[in-house]
1. Take the alpha carbon atoms of segment 375-447, find their radius of gyration, then divide it by 2.2 N^0.38 Å using N residues; give the quotient.
2. If amide H atoms are built 1.01 Å from N in the plane of the peptide, which residues on other chains or at least 5 residues away come under 5 Å of the amide H of Ile374?
3. Would you please give the residues with an amide H less than 5 Å from that of Ser462, counting only those at least 5 places away or on a separate chain, with H modeled from the backbone geometry?
4. Just the number, please: percent antiparallel of the DSSP beta bridges in the chain, rounded to the nearest 5.
5. Under the definition of Cα pairs under 8 Å and six or more residues apart, what whole-number percent is the relative contact order of the chain?
6. Based on the mean of other beta carbon atoms within 10 Å per residue, what is the order of 565-572, 390-397, 6-13, most packed first?
7. For segment 18-26, take each phi angle, set θ = phi - 60°, evaluate the Karplus expression 6.51 cos²θ - 1.76 cosθ + 1.60, and give the result in whole Hz per residue in order, putting x for glycine and proline.
8. Can you give the local net charge around Glu280? Use residues other than it whose beta-carbon is closer than 10 angstrom to its beta-carbon, Lys and Arg +1, Asp and Glu -1.
Amino acid sequence: MIKPEDLTDVERQVAGAYAGGTEIDLTGRSVRGEVLTGLLTGMYRVPRKGLPALRLQNARITGKFELEGTRVTRVIDLTHCAFEESLDLRMARLIGLRLRGTRVPGLQGRNLRVFSDLVLEAGFTCTGTVDLTDAAVDGTLRLAGAVLRSNSEHAFLGARLRVSGSVQAIAMRANGEVRLRGAAIGGSVHLGGARLVNTGRDALEASGIVVAGNFFCNAEGGRFTADGRVLLDGARVGGNLEFTGARLHSTHRVDNQVLVLPHGLADEAATLVADRIKVEGNVELDNGFTSTGTVRLPNASVGGYLRLSGAVIGPREVAEELAGDVTNRIPVAIHADGLQVRGDVEARSAANNGGTRTPPLHTYGQVRLSNAHIMGSASMSGVSLHGPGIDVLFADRLEIGGTLFLRELKAKGSVRLQNANIGSTLDMSGAELTLPRLRPNGTQKPSLDARAITIGKDLLCSRGFTAVGGVRLRLGEVGKMATFSDSHLGSTAADIALNAYGLTVHQFRLHIPEGQQPKGKVVLSRLKAVSVTDGPGLWDAEGGVAVDDFEFAGITADPDVPVETRLRWLLKVQPDFAPGPYEQLAAVYQQGGEEELAQKVQLEKQRRRYSELGRAGRVWGAVQRWTVGYGYRPWLAICWLGVFWLGGALWFNWHPMLKLNKDEDPVWNAWLLSLDLLLPIIDFGHDGKWQFTGASQWISGLLVAVGWVLASTAAAGAARVLKRV
């Protein structure tokens, strides 16, 4: 302790000002820290002139300023002062501490307790570390405009810091890590305009922080900038989390990489790590938000909406190196597996407060939404997803309560929605899906892979929708309408343009105009629809159309086409005969009251059936075709019987026969004789009564043969008719 008689004149002036609580400007003169400590701890007896307080301006404080474990009941207010040594405030209890514009080489404040605001703002500069680990502030922590130029890895240590009010750190500058791990903030955190630099390490480490109000890392006071990771994993925010206009950059990779099926690892250089974060309000990463690495939100919970409009996210340089080839390196832009959003997700172009429009979201790398649950709608119209040769949108088992808007989507890479559940509509009108993921053998995977998807209302892939790798809807369910009208499906490198095997849908529209045919195979096998609308472009698909067990209750074309055209389409796509498609088409016409059209379809089915048999089968088929129309025109048999009856009767009328038995005396009747020969089994009393000679023998034999043939075909036709009935 410095004796009172050893105080300098300046220090005596300071003691006098302290006694009355008045502020004194030292204009750069020095005062020893030990003297200030002695004044605050009552080691010097100073006659009171009012309420004591330490209020200094422009002082140069030498020596040690130590209040470790001390309870100070006087306000400490130092403005534009400069300390030569670090402040030691460990375990101190202070009524108030204000260090506006003050320069310190460090501040040791572990377990410090401040019973009002802790003010380290307005140019407060620290060239070491501000350590407030386990400290408590019963007011607001003010760091606005503070400059933390640490010569170590840590600029600010605030693990488990407790602040009953807010943290005001607008426009703060920090070189080194700012740590708020496990902190508890009773109000809001304001980091708008702050610049945090800790290249290659963590710029803001706020894992497990609890904020009762909002968490602002936005453009208030300038754009929030972080060169290093921002860690918010396990955080709890009672209000909104805002990174509007923020710029995040980091080269730090996550410790545990995600396995990407069927092979490869996610290449994540994360800038924002918010695993398991819970935000009661909205999350805003919009209006100029820029991240050069991955934004991680796996298993995060958002009570309001998630806004991404105007953001640019992902490792652009890495993603642009992808050339659409087979790759095991999967750069990730957004990792949000297991994300839960109670409101909407907004990523489309939107109007801002100034009346201008922000562009839609742009990402470079994979966007992962596997097992995510969005209770509202997701608006991603016009969004640009850049990931050539990878699954640029990986959203298996995604659940959306409303509509998933992907209108005018620009995706370089594949969109994967396997087992997704869309409560209302999946709208991909005008979307362009190019450079899909490749298999190891170099063939293209589907541009849109929505295998086993469930859609409550409509699937809209029309108005120029383009999927270079084709579309897979295998075993999907669509509640109302699925349309691919005016779409561009497949390419020369795609095996299948549209795979709708086992799809269940109410209304299926495949109105593809002529000349715009799918470039690949179209699979409609086992598809079940109530009504189907098609066009000539569908049936001109370069890989053919599979229609095995394709079921529908009604089918039309736009414009309408005659049944002969449909039969030509079936012949084109089924060079090998199968009865199912013909029976299905005939049943539709029959149920619609178009019996004549149904009959034409059945006739074509039988014609193709017999045409693929041997010679005898083809002959028998020709006989059935021209005699009874394969059983669908039994009146033809009657006509043929009439013709042969008339011909035989005329012949025998002109060539009377002699009696075969002189003991009998039958009456000659050429008409009954001809009828008796034609109709087997039935006897009109003329068969075996007359002696046929010459040409009449051949005529009688012909009538008997024709009678048996016509009777057999008529019986077969009748059986088919009865079976059909």
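Every number here is computed from the coordinates shown, using simple stated rules; none is lab data. As the structure is a prediction and not an experimental result, all values here were calculated from the model. FYI the Cβ positions are ideal-geometry reconstructions off the backbone, even for glycines, and counts take in every protein chain you see.
1. Ratio of Cα Rg to 2.2 N^0.38 Å: 1.11.
2. Val341, Glu399, Ile400, Gly401
3. Amide H to amide H, under 5 Å and 5 or more residues apart or across chains, Ser462 pairs with Met428, Ser429, Gly430.
4. Numbers: 7 of 178 bridges.
Antiparallel: roughly 5 percent of the beta bridges in the chain.
5. Details: 2306 pairs, mean separation 28.1, N = 725.
So the answer I get is 4 percent.
6. On the way: 565-572: 16.8, 390-397: 25.1, 6-13: 14.6.
Answer by packing, highest mean first, reads 390-397, 565-572, 6-13.
7. Ordered by residue, 3J(HN,Hα) equals 4, 4, x, x, 8, 8, 10, 9, 8 Hz.
8. On the way: positive: Arg236, Lys278, Arg342; negative: none.
Summing Lys and Arg as +1 and Asp and Glu as -1 gives +3.
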